[in-house]
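Q: Handing you a structure now.
Any read-out appearing in this document is the output of simple, stated calculations on the displayed coordinates, not a laboratory observation. These numbers come from a predicted model, not from an experiment. Positions of Cβ are generated from backbone atoms using ideal geometry, with glycine treated the same way; all protein chains shown enter the neighbour counts.
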Amino acid sequence: MAKIPVVDDLIKKNLHGLSVHYGRLVMKVYLRITLLVFGKASPYLIRGIYRSVTGNKEARIKEFLEGTKIWAEDVLKITKTKLIVFNQIDVPQKGHMIFLNHVNEMDFPYDCYVIRKPFLANQVIKKAWFAYWWMVAMGSQVFDNSKAMSVAVSVKNLIEGLKTTSYIVYPEGKNTYSEEILPLKKGMVKIAFDQKIPVFVALKSGVTTYQNYQKGNVVGYLGLGSHDPTDFSSWEEFQTYLYNLMHTKKLELDALTEQERTKLN
């Protein structure tokens with residue numbers, strides 16, 4: 001992207017000390033969505049709208065999920081990134097929460113590409129109207145935890161949605177801008193435990209490298225299988241188990257990803 005002082009100042013204010021170069025990359029990646037929607041991804045858009053008009057919800061979701069693959073492939077190309085899935089990630093088709101670490105703005109297209117499932121997002125996504133529209137079209141739900149009543153409605157909608165799909169959840173609750181796994185928030189872990197929703201765990205590594213350089217990156221993914229909350233006596237025990245699992249396996253994934261990065265140098 002061309003250097004525009006006003007834009008660069010805005011980036012500095014909103015990226016919490018991260019480089020302007022990283023901010024420009026994020027803007028480029030997300031601005032390209034519109035170009036792709038009316039370009040290479042337009043067949044998915046057209047078919048998705050048609051499926052929506054004809055009332056075929058599952059087919060509509062499938063089309064929009066497939067459309068996100070075009071975006072991820074575009075990001076891989078413009079950043080010359082090597083994406084590696086180190087084991088077979090068999091994401092359950094329905095009935096599961098998919099716990100995945102959340103790093104920064106660059107992980108969303110890759111999560112769409114590798115996991116290929118809708119998201120259980122917080123209300124912040126509503127501020128990005130186009131991203132919000134596409135996420136809803138691909139079957140994602142917005143979890144409203146602002147009031148007790150809205151939480152109850154969101155849980156009800158989640159249970160209903162799980163009858164036909166599984167949802168990606170970021171249990172750390174925010175962008176970490178770090179390769180370290182942060183403590184998991186109570187909310188989603190407790191809901192999984194209380195509602196007896198099995199949790200499929202996956203991890204990614206290498207996404208923080210975009211914060212330092214914007215081309216020639218290596219990103220790795222690892223699946224850790226499904227975990228049943230009914231095997232635990234409390235949500236706190238389940239939370240501790242999941243955190244320890246993610247923390248330990250993340251170190252292993254970091255080492256594997258670094259080995260692949262070294263091969264490129």
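Q: Calculate, in nm to one decimal, what residue 263 and residue 156 gain on full extension: separation in residues at 0.36 nm each, minus their alpha carbon distance.
A: 33.7 nm
Q: When a/c reaches 1.5 or more, the comparison of a/b and b/c decides; with that in mind, is segment 108-265 rounded, prolate or oblate per its Cα gyration tensor?
A: Because a/c hits 1.5 or more and a/b fails to exceed b/c, segment 108-265 counts as oblate.
Q: Which trypsin sites (Lys or Arg not before Pro) from segment 79-117 combine a DSSP loop assignment with at most 16 other Cβ atoms within 10 Å?
A: 80, 94
Q: Could you work out the local net charge near residue 168, counting Lys and Arg as +1, Asp and Glu as -1, over the other residues with Cβ closer than 9 Å to its Cβ?
A: Local net charge: 0.
Q: Against the 2.2 N^0.38 Å scaling, with N counting residues, where does segment 78-198 land? I'd like the Cα-based Rg ratio to two decimal places.
A: Taking N as the residue count of segment 78-198, the ratio is 1.07.
Q: Here are some values of semi-axes √(5λ) of the Cα gyration tensor in Å: (1) 28, 24, 18; (2) 27, 21, 18; (3) 39, 21, 17. Which one was computed from this structure?
A: Working out semi-axes √(5λ) of the Cα gyration tensor in Å from the coordinates points to (1).
Q: Taking a virtual spin label 7 Å from the Cα of residue 90 along the C-beta vector, which residues in segment 167-206 bring their backbone nitrogen under 16 Å of it?
A: 199-202
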